[in-house]
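To start, the structure under review is shown below, and the notes come after it.
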């Protein structure tokens, strides 16, 4: 019998100054899984009093960002005038379209609290379909209570975006998407459904088994498209992210925080940021320069 696993991607550590991330997408030979073109595991990072995450204002085009926290809190601000606190289990869904600028920072009430604070979560980018790349930018917040939650013995499944297990997230996606947070007790098992063409499993915490093979924290497991439903068993208390969906409508160009189906659009966005033509973030005057500035 052939393995249901097509390939395994090891994370690439990236130091962002205030905290570290483990980056799995894009990878060599694999730009996207479904619409996901960027997948970062943030932290876990511990901060002392007065410290925290400080992601200064920076621009995006041609994508949507999905911020999902396990621990901690971020204050999101953007050039639309949004100021939204996100806490564990919530979803911040920001559609960049033709262009948006945003910042993410540990809020003062968390930063200045006594004792240590922790930041831990997943940041993903969704590449927009070509027909939607230049749409108007938008932002939506979905509280944890609004997301479908499925509870079984030893298992808690949260449908973050798209569809899975007969449920649909309220997040307004542009193509068929699989994005699920699966919390598994030691020995618990789930099946990854086969309703989506492309599927991957990311081990955020713990250790799991698929078809007799053991996978560790930080590994991104691409499943074979013809494998059918695939069983996952936790070898200890674990948290895994299921990600995927329909194949993207062609490859994308990436530069820094920009995604587009054409190189010319990327070049125009670089000029616009360098020449301060993006709208600013109200109340947050800082900015991250282009990597080559």
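The values are calculated or read from the model by the stated rules, or taken from the named source; none is laboratory data. None of these values were measured; they are calculated from a predicted model. Cβ sites come from the backbone with ideal geometry, for glycine too, and all protein chains shown count toward neighbours.
Here residue 124 qualifies as touching a residue at least 40 places away in the same chain (Cβ under 8 Å), closer than 30 Å to residue 264 by Cβ and assigned to a strand (DSSP E or B).
Condition test on residue 261, is it crowded, with 16+ Cβ neighbours inside 10 Å, in contact (Cβ under 8 Å) with a residue 12 or more places away in the chain and closer than 20 Å to residue 65 by Cβ? So residue 261 fits the description; yes.
For residue 18, the conditions (1) assigned to a strand (DSSP E or B); (2) within 24 Å of residue 278 (Cβ to Cβ); (3) modelled with pLDDT under 95 all hold with the exception of (1).
Quick test for you: out of 137, 148, pick the one residue that is out of contact with any helix residue (DSSP H, G or I) (no Cβ under 7 Å at 6 or more places or on another chain) and buried (at least 19 other Cβ atoms within 10 Å of the Cβ).
137
Considering the range 54-98, the residues that are out of contact with any helix residue (DSSP H, G or I) (no Cβ under 9 Å at 6 or more places or on another chain) and not in a strand (DSSP E or B) include one that is nearest to residue 110 (Cα to Cα), namely 82.
A count restricted to the range 135-149 and to residues that are part of a loop (DSSP other than H, G, I, E, B) and touching a residue at least 60 places away in the same chain (Cβ under 8 Å) stands at 0. Take residue 276 and tell me if it is on the phi > 0 side of the Ramachandran plot, free of Cβ contacts under 8 Å to residues at least 40 places away in the same chain and more than 18 Å from the chain's Cα centre (by Cα). Spelling it out, residue 276 is indeed on the phi > 0 side of the Ramachandran plot, free of Cβ contacts under 8 Å to residues at least 40 places away in the same chain and more than 18 Å from the chain's Cα centre (by Cα). In this entry, residue 50 passes the filter for residues that are farther than 21 Å from residue 252 by Cβ and in a loop (DSSP other than H, G, I, E, B). Considering each residue of the range 101-112 in turn, at least one proves to be at pLDDT 95 or above and over 25 Å from residue 22 (Cβ atoms).
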